[in-house]
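Student: Please see the structure below; I have some questions.
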Amino acid sequence: MILTLSVRMPKGPAHYWTAAQDFGEAGFTAYELWKCTNGVSRGTIQKWVAAMVERGALKEIGRRPGTPERIVYACARKNVPANEAAAYGDVQRYLWTAMRTLSQFTVSELAAVASTDTVEISRDTAQQYIRRLAKAGALTVVRPGKPNNRDSGVWRLRRSRDTGPRAPQWVKAAFLYDPNENEAIGEAEGSL
């Protein structure tokens, strides 16, 4: 029996900006904004909101007691260039481009090479992306890491998984999606 599922893919940071604008002057909490997305984690939305506050695109306008996240935000500007609204969402693309460029890499090397003047990628973010790609079989271990030293391992992108410039995206449906091949990579995970 073949089961076919339709999955709405997340729309990304440009969608978050549009949703934030739709709340108008009443504002929104990060939790309320998260409820407008399709499958991204609450942590992703919280980080995006923090990045947009830092850029001056969003501002704190008050508190909403009794909600999961109490700080209320509103748009500080009417228009934000698409590249600025999407800057936080570029992290996976920067990591993927660096992986495709480097012949092999450690967590720290990947984070350093993938970072830009406007987007700094942490070691934790790089490590999480490596872990997900490795679990899906997209990376090869060149040298295993040492216990208690998370940066000692060396990785390489498998040539067969270097399918193009668009970064594989981790979605909440718990499978790695490669937009270049329009397919899931590795095994899907789910829970009831």
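The values are calculated or read from the model by the stated rules, or taken from the named source; none is laboratory data. Here the structure is a predicted model, which is why all the values come from computation and not from measurement. In this analysis, Cβ positions are derived from the backbone assuming ideal geometry, glycine residues included, and neighbour counts consider all displayed protein chains.
Student: Among the residues of segment 116-140, which ones are assigned to a loop (DSSP other than H, G, I, E, B) and either at pLDDT 85 or above or at positive phi (or both)?
Tutor: Our first condition is that a residue be assigned to a loop (DSSP other than H, G, I, E, B); within segment 116-140, this holds for 116-122, 136-138.
Residues satisfying the conditions are A136, G137, A138.
Student: Something else now. Looking at segment 152-166, I want the residues that are touching a residue at least 12 places away in the same chain (Cβ under 8 Å) and under 17 Å from Y94 (Cα atoms) and have a partner that is of a type in the set (D, E, K, R) and in a strand (DSSP E or B) with Cβ atoms under 7 Å, at least 6 apart or on another chain. Which pairs are those?
Tutor: Note: pairs meeting the criteria are T163/D178.
The rows are residues; the columns are (1) surrounded by 18 or more Cβ atoms within 10 Å (Cβ to Cβ); (2) part of a helix (DSSP H, G or I); (3) of a type outside the set (S, T, N, Q).
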position: A14; (1), (2), (3): no, yes, yes
position: L33; (1), (2), (3): yes, yes, yes
position: C36; (1), (2), (3): no, no, yes
position: V49; (1), (2), (3): yes, yes, yes
position: M52; (1), (2), (3): yes, yes, yes
position: G66; (1), (2), (3): no, no, yes
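Student: I'd like to check something: does segment 143-159 contain any residue that is within 25 Å of G12 (Cα to Cα), of a type in the set (A, V, I, L, M, F, W, C) and either out of contact with any Leu (no Cβ under 6 Å at 6 or more places or on another chain) or modelled with pLDDT of 80 or more (or both)? Can you show your working first?
Tutor: Start the filter on segment 143-159 by keeping residues that are within 25 Å of G12 (Cα to Cα), which leaves 157.
In the following step, the residues that additionally are of a type in the set (A, V, I, L, M, F, W, C) were identified as 157.
Checking the rest, the ones that are also either out of contact with any Leu (no Cβ under 6 Å at 6 or more places or on another chain) or modelled with pLDDT of 80 or more (or both) come to 157.
Within segment 143-159, one or more residues are within 25 Å of G12 (Cα to Cα), of a type in the set (A, V, I, L, M, F, W, C) and either out of contact with any Leu (no Cβ under 6 Å at 6 or more places or on another chain) or modelled with pLDDT of 80 or more (or both).
Student: Can I ask one more? What are the residue pairs meeting all of these: first residue in segment 15-31, first residue farther than 8 Å from V72 by Cα, second residue among the hydroxyl-bearing types (S, T, Y) and surrounded by fewer than 16 Cβ atoms within 10 Å (Cβ to Cβ), Cβ atoms under 9 Å, and 6 or more apart or on different chains?
Tutor: Y31/T67
Student: Continuing with the same structure: Out of curiosity, is E25 modelled with pLDDT of 85 or more and not assigned by TED's automatic domain parsing to the domain that holds V119? Show your work before the answer.
Tutor: On the way: modelled with pLDDT of 85 or more: yes; not assigned by TED's automatic domain parsing to the domain that holds V119: yes.
Considered against the rule, which asks whether it is modelled with pLDDT of 85 or more and not assigned by TED's automatic domain parsing to the domain that holds V119, E25 comes out as yes.
Student: Okay, next question. Based on this model, can you work out whether Y73 counts as within 28 Å of Q169 (Cβ to Cβ) and assigned to a strand (DSSP E or B)?
Tutor: Numbers: within 28 Å of Q169 (Cβ to Cβ): yes; assigned to a strand (DSSP E or B): yes.
Yes; evaluated as a whole, the condition is true for this residue.
Student: Looking at segment 18-70 only, could you name the residues that are farther than 25 Å from T125 by Cα and β-branched (V, I, T)?
Tutor: T18, I61, T67 - these are the residues of segment 18-70 that are farther than 25 Å from T125 by Cα and β-branched (V, I, T).
Student: Look at segment 37-57 and say how many of its residues are more than 18 Å from V91 (Cβ to Cβ) and modelled with pLDDT of 85 or more.
Tutor: Within segment 37-57, residues that are more than 18 Å from V91 (Cβ to Cβ) and modelled with pLDDT of 85 or more number 1.
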